[in-house]
């Protein structure tokens with residue numbers, strides 16, 4: 001289990017997670033051709049950028065400088081969510097399933113971190129992040145079910 005010694009470490013970890021998700025979704029948006037699926041991944045990548053900016057603002061409010069290299073001092077996202085390797089060729093359904101798995105893994109991670117967090121401020125940050133991941137997961141699940149309904 002991951003240990004964080006400060007709200008700064010929590011925020012830096014969350015920022016690195018948002019950066020990784022944005023890169024994944026941007027990659028999928030670039031490689032897929034279905035307009036609806038492409039738009040979904042483009043929109044989700046933009047949301048991840050917004051989330052990162054919100055987290056960076058919280059870090060700045062605490063008087064900390066935001067790292068420009070995208071690396072945090074805490075656990076790396078790839079160690080706790082999914083491997084960084086994404087197949088070069090991926091169908092629409094496969095991309096949506098990958099995104100659902102990523103969001104579900106991130107949700108579970110944040111729920112575990114809520115339970116393990118030592119202070120209330122950290123728990124609240126993790127709870128908010130878990131809620132965001134559930135919303136993302138539901139959007140991908142909805143898109144997947146729509147796609148599957150079109151194919152039948």
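Yes or no, residue by residue, for (1) closer than 20 Å to residue 91 by Cα; (2) buried (at least 16 other Cβ atoms within 10 Å of the Cβ); (3) in contact with a strand residue (DSSP E or B) (Cβ under 8 Å, 6 or more places away or on another chain):
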residue	(1), (2), (3)
106	no, yes, no
117	no, yes, no
138	yes, no, no
144	yes, yes, no
148	yes, no, no
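Step by step: first the residues of the stretch 29-47, then only those that are surrounded by 19 or more Cβ atoms within 10 Å (Cβ to Cβ) and either part of a loop (DSSP other than H, G, I, E, B) or modelled with pLDDT under 90 (or both), then the one that is farthest from the chain's Cα centre (by Cα). Which residue is that?
Let us first name the residues in the stretch 29-47 that are surrounded by 19 or more Cβ atoms within 10 Å (Cβ to Cβ), namely 29, 32, 37, 40-41, 44-45.
Filter once more, so that each one left must be either part of a loop (DSSP other than H, G, I, E, B) or modelled with pLDDT under 90 (or both): 32, 37.
Details: 32: 19, 37: 18 Å.
For the stretch 29-47, the residue satisfying everything is 32.
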Requested in this report: Using the structure shown, decide if residue 108 is within 16 Å of the chain's Cα centre (by Cα) and under 20 Å from residue 49 (Cβ atoms).
Outcome: no
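The values are calculated or read from the model by the stated rules, or taken from the named source; none is laboratory data. Owing to the predicted nature of the structure, the values given are computational and were not obtained by experimental measurement. Glycine gets a Cβ as well: all are built from the backbone with ideal geometry, and neighbour counts include every protein chain shown.
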